[in-house]
Protein chains: 2
Amino acid sequence: MNLYIEEVEPTKALATFLADLRYEDLPQPVIERTKELFLDWLASALAGRSARPVQILERLAAHMGPADGPSEILVSRRRTSPLFAALVNGAASHIVEQDDVQNEAVFHPGTVVFPAVLAGAQDIGAPGRDLLLAAVVGYEAGVRVGAFLGRSHYRVFHTTGTAGTLGAAAGVAHLLKADPQVMIHALGSAGTQAAGLWEFLRDAADSKQLHTAKAAADGLLAAYLARDGFTGARHILEGKQGMAAGMSSDADPRKLTAGLGERWAVLETSFKFHASCRHTHPSADALLQALQEHQLTAERIAHIRAHVHQAAIDVLGPVNDARTVHQAKFSMGFVLALIALYQQAGIGEFTEEALQDPRIREVLGRVEMVFDPEIDAAYPRQWIGKVEVETTDGEVFTSRVDIPKGDPGNILTRAELEDKARRLAAYRQGASAEEIEALITLAWTLENQADIRDLLPREELA
Amino acid sequence: MNLYIEEVEPTKALATFLADLRYEDLPQPVIERTKELFLDWLASALAGRSARPVQILERLAAHMGPADGPSEILVSRRRTSPLFAALVNGAASHIVEQDDVQNEAVFHPGTVVFPAVLAGAQDIGAPGRDLLLAAVVGYEAGVRVGAFLGRSHYRVFHTTGTAGTLGAAAGVAHLLKADPQVMIHALGSAGTQAAGLWEFLRDAADSKQLHTAKAAADGLLAAYLARDGFTGARHILEGKQGMAAGMSSDADPRKLTAGLGERWAVLETSFKFHASCRHTHPSADALLQALQEHQLTAERIAHIRAHVHQAAIDVLGPVNDARTVHQAKFSMGFVLALIALYQQAGIGEFTEEALQDPRIREVLGRVEMVFDPEIDAAYPRQWIGKVEVETTDGEVFTSRVDIPKGDPGNILTRAELEDKARRLAAYRQGASAEEIEALITLAWTLENQADIRDLLPREELA
């Protein structure tokens, strides 16, 4: 790495690394983790199958896109052009809130990178190895751009939508054999399309699915345009009228290049254990620990005080009274009530029935969220969970978890990942038992797959 | 108009007006002006036919979109789905820099609104009258959002890309018979996709075409999604995590609703006379006046001092040495040199040959741009042109133009508009003489056209 370029032209330094990365450069743990992330993403996409916003986007794809093509829409099993496959799969894989997350960037890489690189790989008939490498590139780009844009960006912008566009673009550009210059153009065209505002949270609107769908599709579009000679700004990230200038007040260019080739974004990405917004997980883990250590039941709990970082208050704050399943996943009260009552908050717990359950309503009324300076200072590098539980007989227990379940250092085992994938595939019949077993096998052998053009049978699931 | 709603929920007030607007509500001058804007846009789109970025986007449309459909791609004469017709026509109609502009918002409404509403109207088989009304709605939404976002927004963001997405969405949503609630959702989904950064100017990259293409296509996409029940944020403009919060520091919500139904955005839109960036026009007009009044020739000019507003320096500043035709249109020196030498800066003057012309190079070296507080204070409501010309024999002439040619108050006549359309259509053979005459006739009778599905013959132009 040329240190001068790194400092003066961080976009160029990053693009050069991304374009030049070869499969032989990847350490074995990077390869293995990427396969795990691929399976985890696939299962999340299947679980999003019957969600209303996903179905509306699938209808749009049918109206606006070609009726056949090389790329799979996993939820409908139709084939279409890569743009629309990326669009619909991007929408589908984020809706059950079980897809991966990178803590420092507060960014969900899988749901934007995999839809794009899978659609592109299927378009050009690339083997599993190239898909895997493209995913590594996409994660690296997206996570670094997200970290670069910083906390000020995340306060208003949905980083998965914005940084995600560049992650998708970088991965697809690598598949399309971009040299460093073409990679810069792909990032330039992606950055100037990057969008996504948190305002929708207040109304529980469908925009979250639009953000992931469009990040995947727009990033893919940027990469194809760059391949054909369409140019983009050379300093889209750090330039005077670039992304940081317009959308951040604490951007740190060092995040774009520090430790390139030594640290790997895929190894710093967390799997989700609970089926809720990531900001609820540390508190959920801490509460679970308190329940187990002190043999508490929901009936004995008089009050729960969840200590959180500011971003948790920003994101979860507007949701005071969950009226939809999606809102429930963004309600700290709802999530902690599920943990208190059932010791889990998985995809099976977030149901329409649960929304009406008076027991849950009662417990969630005992939950309070408080800002904690120590937790906030550690965030987003570390997501600390701390809860104070007051019992009906006046005892107070404090429970703390330094690494939430699913984070690097407390990762899910392959058996746990397979189990999660099976549950996600079974949810609203996203795939049959045989199909998910085949996908699990495919994921664990991804680098040896010569052809990944038919992950699922063509016909519509009964 | 409910004054309470207007203040507390400006997005709702604007959306209600837009959704409820009927053809019968339009004053005759609004109808007539919209037909003029339509012709002016059509001709600009035809002139963009052979530009490289447009052709790359057309190739993308062929790869990603359907091979046939209801909507026309004007530059290739192919038919496809409305999304890709909006995309390619949006790219084509801005590249020769001859399309319309609204001064206060510093926003080019035609190039983002017409591609979207034409594609949508052709999709549903709407008559000319509905197209016209949808365009009025789109201009109203885009111009008001652009003015709302203000000058701080324009410093980093390309308002035509951002506000343009909402203009396109509003127009198409009206075509698709959105009620006020659906209109709010369309604006919400459009606003959360809104993007476009000026950073590309520094490198003369192709992003400007991407911005107009994507604004038209993304806005159209938002409208179709809203029709099918996809929801968006209710306060996407003024909300705490909405567009203004993320992308402006001087947003003024009154701009969204003041004088709705009394002032009309189409009547406040300017036609372009010179084929360059709008920020060069006031100075070009003032120089032209100086040449005529004082019978000056380029040889006698020793120095030209162009007095400008800050945004002119921001946008034109980075271009010091025009290397491409597109950059030349953003170079104050180049534009004023053309005026000094040829008394015009039309589409025929911006050529590859001109870039190499030593006479132009010599004159542009005598041009200086200076910030003028009075002009800046009047901007963007008024675009004042003022130049000081120093002659080789030491005379100094100051020339001032308060309303540049093409602005409301100094508008182009229908004969001038027809002449401009003919020249644009002839440029690189965008359309034949017979075809542009037919389009002129169609534009002047737009409100009586029952079918606008075939503006141009299907076959590729020889």
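Nothing in this text is a laboratory measurement; each read-out follows from the coordinates by a stated rule. For clarity, every value in this text was computed on a predicted model and none was experimentally measured. Cβ coordinates were reconstructed from backbone atoms using ideal geometry, including for glycine residues, and neighbour counts include every protein chain displayed.
Normalised by the number of residues in segment A:3-270, the mean separation of alpha-carbon contacts (under 8 Å, six or more apart) gives a relative contact order of 25 percent. Each copy carries residue B:7; placing its label point 7 Å along the C-beta direction from Cα gives inter-copy distances of 5.5 nm, listed from smallest up. Rounded to the nearest 20 debye, the dipole size of chain A about its Cα centre is 820 debye, using +1 on the Cβ of Lys and Arg and -1 on the Cβ of Asp and Glu. Computed over all pairs of different Cα atoms, the Kirkwood value for the hydrodynamic radius of segment B:3-270 is 17.6 Å. Diffusion coefficient (Stokes-Einstein, Kirkwood radius over C-alpha pairs, 25 °C, 0.890 mPa s) for chain A: 112 µm²/s, rounded to a whole number. With Cα atoms as the point set, the radius of gyration and Dmax of segment B:205-360 evaluate to 20.8, 66 Å.
Charges on Cβ only, +1 for Lys and Arg, -1 for Asp and Glu, centred on the Cα centroid of segment B:3-270; of B:56, B:39, B:86, which one is farthest towards the dipole's positive end? Checking the options against the dipole of segment B:3-270, the answer is B:56. Straight-line cross-link partners of residue B:240 among the lysines, defined as a Cα under 19 Å from its Cα and at least 8 positions apart when in the same chain: A:208, B:12, B:255. Once backbone amide H atoms are built at 1.01 Å from N, residue A:346 has A:275 as its partners under 5 Å, excluding neighbours fewer than 5 places away on the same chain. When only Cα pairs below 8 angstrom with a gap of at least 6 residues are kept, chain A shows a relative contact order of 20 percent.
Diffusion coefficient of the protein assembly as shown by Stokes-Einstein, Kirkwood radius over Cα pairs, 25 °C, 0.890 mPa s: 87 µm²/s.
Legend: mean number of C-beta atoms from other chains within 10 angstrom of residue C-beta atoms, peptide B:223-230, equals 5. For segment B:182-260, the Kirkwood hydrodynamic radius from C-alpha pairs, put into Stokes-Einstein at 37 °C and a viscosity of 0.692 mPa s, yields a diffusion coefficient of 236 µm² per second. May I ask for the net charge around residue B:411, where only other residues with Cβ less than 13 Å from the Cβ of residue B:411 are counted and Lys, Arg are +1 while Asp, Glu are -1? In short, -2.
Loop-located trypsin sites (Lys or Arg not before Pro) in segment B:345-401 (DSSP state other than H, G, I, E, B) with a sparse environment of at most 12 neighbouring Cβ atoms within 10 Å: B:381. Compactness of segment B:1-155 was expressed as the Cα radius of gyration divided by 2.2 N^0.38 Å, which yields 1.11. About the centre of its Cα atoms, segment B:3-270 shows a dipole size close to 560 debye [charges on the beta carbon of Lys, Arg (+1) and Asp, Glu (-1) only; nearest 20 debye].
Can you tell me the orientation of helix A:10-20 relative to chain A, as the angle in degrees between its alpha-carbon axis and the longest Cα principal axis, to the nearest 10? The two axes meet at around 70 degrees. When +1 charges are put on Lys and Arg Cβ atoms and -1 charges on Asp and Glu Cβ atoms, the dipole computed for segment A:278-401 relative to its Cα centre reaches about 280 debye. Ascending distances from the residue A:390 label point to its copies in the other chains, with the point 7 Å along the Cα-to-beta-carbon line: 7.9 nm.
In this structure, the amide hydrogen of residue B:102, modeled 1.01 Å from its nitrogen in the peptide plane, lies closer than 5 angstrom to those of B:107, B:108, B:270, counting only residues at least 5 positions away or on a different chain. Scaling against 2.2 N^0.38 Å puts the C-alpha radius of gyration of segment B:278-401 at 0.98. With label points defined 7 Å past Cα in the direction of Cβ, position residue A:22 shows copy-to-copy spacings of 7.1 nm, given to one decimal and shortest first. 3J(HN,Hα) along segment B:30-45: 5, 4, 5, 5, 5, 5, 5, 5, 5, 4, 4, 5, 3, 5, 4, 5 Hz, from the Karplus curve 6.51 cos²θ - 1.76 cosθ + 1.60 with θ = phi - 60°, whole Hz, x for Gly and Pro. Post the alpha-carbon centroid distance, segment B:34-68 to segment A:389-440, in whole angstrom. About 50 Å separates the Cα centre of segment B:34-68 from the one of segment A:389-440. Count the net charge of all other residues whose Cβ sits under 11 Å from the Cβ of residue A:431, scoring Lys and Arg as +1 and Asp and Glu as -1. Around residue A:431, the surrounding residues sum to +1.
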